[in-house]
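Report on the following structure.
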Amino acid sequence: MKTLLNSLAEPNRWNIVELLKQGPLTVGEIAERLELRQPQVSKHLRVLSEAGIVVVHPIANRRIYHLNPEPFHELQEWTETYRHLWEDRFNQLDLYLKEAQNKGEEEKPS
């Protein structure tokens, strides 16, 4: 999980993942769309590949990159373990806001 998050923390890699959500692309297509040099994109794709985020399919002399959905499923499962904490905090915030609103209405002059 840490490798996944560290890989996505770099803005260019995040942008590559966002592009690949739309469909598979070559290194050249990614470089063109992000206005980066091809060696930079290759470096970022290597990191994403080592983290299991992207998969490469060589076709002739081209390399086509696809997102691998598995790490994102794992990330979703991991974040779900924190859902109850956030739900509890939002419920407490909701109660606080309702109390503050009721108090404000009681203090209004008639």
Q) Hey, does the stretch 24-45 have a residue that's surrounded by fewer than 18 Cβ atoms within 10 Å (Cβ to Cβ) and touching a residue at least 40 places away in the same chain (Cβ under 8 Å)? A) yes
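Looking at the stretch 84-99, can you tell me whether even one residue there is exposed (fewer than 10 other Cβ atoms within 10 Å of the Cβ) and either of a type outside the set (A, V, I, L, M) or in contact (Cβ under 8 Å) with a residue 40 or more places away in the chain (or both)? Write out each step before concluding.
To start, the set of residues in the stretch 84-99 that are exposed (fewer than 10 other Cβ atoms within 10 Å of the Cβ) comprises 84-85.
With either of a type outside the set (A, V, I, L, M) or in contact (Cβ under 8 Å) with a residue 40 or more places away in the chain (or both) added as a condition, the list becomes 84.
The answer is yes, given that some residue of the stretch 84-99 is exposed (fewer than 10 other Cβ atoms within 10 Å of the Cβ) and either of a type outside the set (A, V, I, L, M) or in contact (Cβ under 8 Å) with a residue 40 or more places away in the chain (or both).
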Q. Name the helices (runs of 4 or more DSSP H) wholly within the stretch 1-107 that hold at least 2 residues that are in contact with a strand residue (DSSP E or B) (Cβ under 8 Å, 6 or more places away or on another chain) and not polar (S, T, N, Q)?
A. 11-20, 27-34, 38-50
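Could you pull out the residue among SER49, SER42 that is within 30 Å of THR81 (Cα to Cα) and not assigned by TED's automatic domain parsing to the domain that holds THR81? Steps first, answer last, please.
Values: SER42 fails: within 30 Å of THR81 (Cα to Cα).
Just a single option satisfies the conditions, and that option is SER49.
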**Q.** Selection count where residues are buried (at least 16 other Cβ atoms within 10 Å of the Cβ) and in contact (Cβ under 8 Å) with a residue 60 or more places away in the chain, scope the stretch 1-23
**A.** 1
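The values are calculated or read from the model by the stated rules, or taken from the named source; none is laboratory data. The model shown is predicted, which means the values in this text are computed figures rather than measured ones. No Cβ is skipped: glycine too gets one built from the backbone with ideal geometry, and neighbour counts run over all protein chains shown.
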